[in-house]
Amino acid sequence: MHLSDDYADLSRQAAAAFADVARAKPDATVILATGNTPIGMYDELTRLVHAGTVDLSRLRVFQLDEYVGIAPDDRRALYGWMDRAALAPWGVPAEQVVRLPSRSDDFPAAIAAYEAAIAAAGGIDLCILGLGPNGHIGFNEPPADRDAPTRLIDLTPESIASNAPYWGGIDQVPTKAITAGMRVLLASRRIFLLVSGGAKRAILHEALHGPVTSQVPASYLQSAAGVEVFADRAAAGA
Ligand code: PGA
């Protein structure tokens, strides 16, 4: 565990580790989580890009998850969030990004294309994840098995409630999402799980030290290779 004093420290430590990956392999394949937690790391990486100490413009980026049913250019779409937080400031061109669609006439084909693109790219070098209050990673809501594929899911009431402030009310939150599957995430060569704040303390403890169970999808990280947890003292309880 990379233990940090606070969120700013966590963001710096995770950004330094991310930048090392990109320096070693500038065209690394990465999955970039949205949510609040990784934003500090993305901002710190943008600072490093501006300082000229790392180039992130050659990364090949795969979207982690997306709400279903909204317009692709809705600024609340997770793609828009990822674009503002990372792709645009880092200068990653759209051709290097594989999206998960919010709308499709043929979701099975879109899902097959997403998984095929990852396979064609040689798998994922680095997967950035946050931790849901219910133990989800991506939108792999519990229960989710370790081999769950990329798929459409119904958001749990807990996830809908936790996203309500962002959508301007609980009845505004989409009820469905599309998520990279557990098997995609767990097969990544490296995984950074970023967790901050006392509200995540109990679920982080369960994920790392509780039983490995589909009821806490993040618990499968216990048996995955290449996992590094970045947590601040409030989340780690240390
Ligand atoms: P957060 O979201 O980083 O905004 O806490 C994490 C998640 O729900 O996956």
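The values are calculated or read from the model by the stated rules, or taken from the named source; none is laboratory data. What you see is a predicted model; the values in this text were computed from it and never measured. Positions of Cβ are generated from backbone atoms using ideal geometry, with glycine treated the same way; all protein chains shown enter the neighbour counts. When the accessible area is computed, the model is the full protein with side chains, heavy atoms only, and any ligands, DNA or RNA have been set aside. Shrake-Rupley method; radii C 1.70, N 1.55, O 1.52, S 1.80 Å.
Couple of notes before you dig in:
- Within segment 58-85, considering residues that are within 13 Å of the chain's Cα centre (by Cα) and open to solvent by 30 Å² or more (accessible area, probe 1.4 Å), the one farthest from D154 (Cα to Cα): W81
- Strands (runs of 3 or more DSSP E) enclosed by segment 121-238 - at least 3 residues per element that are crowded, with 22+ Cβ neighbours inside 10 Å: 126-130, 176-179, 190-195, 227-232
- Matching residues, segment 104-162, being among the charged types (D, E, K, R) and free of Cβ contacts under 8 Å to residues at least 12 places away in the same chain: D105, D106
- Residue among R23, R60, R47 that alone is touching a strand residue (DSSP E or B) at 6+ places or on another chain (Cβ under 6 Å) and among the basic types (K, R): R60
- Evaluation of G35 against (1) closer than 28 Å to T213 by Cα; (2) small (G, A, S); (3) in contact with a Pro (Cβ under 9 Å, 6 or more places away or on another chain) (one fails), failing number: (3)
- Just one of the numbered conditions (1) aromatic (F, W, Y); (2) open to solvent by 30 Å² or more (accessible area, probe 1.4 Å); (3) away from the ligand (no atom under 12 Å from the Cβ) is not true of Y7: (3).
- Residue in segment 100-109 that is part of a loop (DSSP other than H, G, I, E, B), more than 27 Å from V173 (Cα to Cα), at pLDDT 95 or above and not acidic (D, E) present: no
- Selected residue (only one of G91, G40 is among the small types (G, A, S), surrounded by fewer than 18 Cβ atoms within 10 Å (Cβ to Cβ) and touching a Leu at 6+ places or on another chain (Cβ under 9 Å)): G91
- The residue that is nearest to the ligand (Cβ to nearest atom), among those in segment 10-29 that are surrounded by fewer than 23 Cβ atoms within 10 Å (Cβ to Cβ) and aliphatic (A, V, I, L, M), is A15.
- Test: residue in segment 50-57 that is within 19 Å of the chain's Cα centre (by Cα) and either in a helix (DSSP H, G or I) or in contact (Cβ under 8 Å) with a residue 60 or more places away in the chain (or both): no
- Looking across V227, V216, V212, V184, one residue alone is of a type in the set (A, V, I, L, M, F, W, C) and touching a Gly at 6+ places or on another chain (Cβ under 8 Å). It is V216.
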